[in-house]
Amino acid sequence: MLEFLARLFQRHSLSSKDVAKERLRLVLVHDRANISPELLQLLKDDLIKTVSKYFEIEEKSLEVTLDTSDDVVALVASIPVHRVKRSVKVASV
Amino acid sequence: MGEVIVITSGKGGVGKTTATANIGAGLAMRGYKVALVDADIGLRNLDVVLGLENRIVYDLVDVAHGHCRLKQALIKDKRFEGLYLLPAAQTKDKTAVKPEQMKEICLQLKEEFDFVIIDCPAGIEQGFRNAIAGAEKAIVITTPEVSAVRDADRVIGLLEAAELREPKLVVNRLRPRMVRQGDMMTIEDIIDILAVDLLGVIPEDEQIIVTTNRGDTVVLMDRSRSGEAFRNITRRILGEPVPLMELERDGHFFARLRRIMGLG
């Protein structure tokens, strides 16, 4: 009985407007990202700069995408690494 | 020098033309000189919403191409002193006017009128670019639906890219009862997502259909909820701080009962 009530309330708590808002939030992450490929390029350039401090990478095959699966948006970066750099120079702050 | 405001939405059917007519009439009611411009070339409708469809001689395209003077194309409204319409052409398409020509027409209107309000067509193509070309401010209309809010977001991005900063949002066709039941996004939800300033909220109202049937505006009707919402929007455009109206003041019996009993 209690379980039934709990389920009932749980179902109720996910109202259709919450579903609408969540779907909107997700679709807009993509829409907004799609508006500016420049932004993605800037991010790529920054990534290359940072990652190159530690690894020798293949810059040309670097891929950065926004991936939506289920209800999570993830930033996915695929960076082919040739080798780890032996001496990491830490930039003085 | 007047102010040029474009009313836009991205998605069609959310109430741009109705809002243009009512905001324009609302400003004229307050004694301002207002020019309404229908930028929806090929699908003109502001004329029928205002009940002025039988008085069109020249249109926006005629003015842009120099077939007539601007003053010859302006139709004077009989109910509101100071309200004028520059109708769109019906037999041409969006490419009949260029953004530079729209800019020029807006400049000329600004000298004569306190407010120039442009009814933007749906979409984000040339019709949209024409409509925003001469505007200094933008009002974005949406309804509490996923599709309309998504399109509003896209339009806000395009407006900002075109240097029309800080557009103001109007949420149209809100149903307070569905909001209370959790079946419609709230104003807070929409503002949270779009991150823009709110200019007003218009409740769903059958009176809009009735007045539009007759070619009248709802902003004149004292007892209409949507009319009150449009009057409030008008006042906010004029810089008065007006709080959002209580949307459920005349709610159904049980809502009132709950309120009387101190439960609502």
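The values are calculated or read from the model by the stated rules, or taken from the named source; none is laboratory data. If you're wondering where the values come from, they're calculated on a predicted model, not measured in any experiment. Reconstructed Cβ throughout: ideal geometry from the backbone, glycine too, with neighbour counts over all protein chains shown.
Odds and ends about this structure:
- Residue among A:Leu28, A:Leu75 that alone is modelled with pLDDT of 80 or more, among the hydrophobic types (A, V, I, L, M, F, W, C), farther than 21 Å from B:Gly157 by Cα and surrounded by 11 or more Cβ atoms within 10 Å (Cβ to Cβ): A:Leu75
- Residue under evaluation B:Glu136, criteria (1) more than 26 Å from B:Glu81 (Cα to Cα); (2) surrounded by fewer than 24 Cβ atoms within 10 Å (Cβ to Cβ), criterion not met: (1)
- Per the conditions (1) away from chain A (no Cβ under 14 Å); (2) buried (at least 20 other Cβ atoms within 10 Å of the Cβ), the sole criterion not satisfied by B:Gln126 is (2).
- Taken together, B:Val218, B:Val201, B:Val196 contain a single residue that is modelled with pLDDT of 85 or more, closer than 23 Å to B:Glu145 by Cβ and in contact with a Phe, Trp or Tyr (Cβ under 7 Å, 6 or more places away or on another chain), which is B:Val218.
- Residues being of a type in the set (A, V, I, L, M, F, W, C) and surrounded by fewer than 18 Cβ atoms within 10 Å (Cβ to Cβ) - total across the range B:165-192: 3
- Here B:Ala73 passes the criteria (1) in contact with a strand residue (DSSP E or B) (Cβ under 9 Å, 6 or more places away or on another chain); (2) in contact (Cβ under 8 Å) with a residue 24 or more places away in the chain except the one numbered (2).
- Of the residues screened, B:Ile141 is one that is in contact (Cβ under 8 Å) with a residue 24 or more places away in the chain, aliphatic (A, V, I, L, M), assigned to a strand (DSSP E or B) and more than 14 Å from chain A (Cβ to nearest Cβ).
- Total residues in the range B:77-110, condition within 26 Å of B:Val219 (Cα to Cα) and either in a helix (DSSP H, G or I) or not hydrophobic (A, V, I, L, M, F, W, C) (or both): 10
- Test: residue in the range B:12-29 that is among the charged types (D, E, K, R) and buried (at least 22 other Cβ atoms within 10 Å of the Cβ): yes
Matching residues to (1) modelled with pLDDT of 95 or more; (2) within 17 Å of B:Pro87 (Cα to Cα); (3) over 13 Å from the mean Cα position of the chain (by Cα):
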{"site": "B:Ile5", "(1), (2), (3)": "yes, yes, no"}
{"site": "B:Ser9", "(1), (2), (3)": "yes, no, no"}
{"site": "B:Gly13", "(1), (2), (3)": "yes, no, no"}
{"site": "B:Ala21", "(1), (2), (3)": "yes, yes, no"}
{"site": "B:Gly31", "(1), (2), (3)": "yes, no, yes"}
{"site": "B:Asp38", "(1), (2), (3)": "yes, yes, no"}
{"site": "B:Leu43", "(1), (2), (3)": "yes, yes, yes"}
{"site": "B:Ile56", "(1), (2), (3)": "yes, yes, yes"}
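- All of B:Glu228, B:Glu163 fail the test of being away from every other protein chain (no Cβ under 13 Å) and assigned to a loop (DSSP other than H, G, I, E, B), apart from B:Glu163.
- Hey, B:Arg223 modelled with pLDDT under 95 and assigned to a loop (DSSP other than H, G, I, E, B) or not: yes
- Taken over the range B:183-211, residues that are within 13 Å of chain A (Cβ to nearest Cβ) and assigned to a helix (DSSP H, G or I) amount to 8.
- Unique residue being among the aliphatic types (A, V, I, L, M) and either part of a loop (DSSP other than H, G, I, E, B) or within 30 Å of B:Phe80 (Cα to Cα) (or both) when the list is B:Leu244, B:Leu158: B:Leu244
- Taking the range A:43-72 as the range and being at pLDDT 75 or above, closer than 21 Å to A:Leu28 by Cα and among the aliphatic types (A, V, I, L, M) as the test, the residues that pass are A:Leu43, A:Val64.
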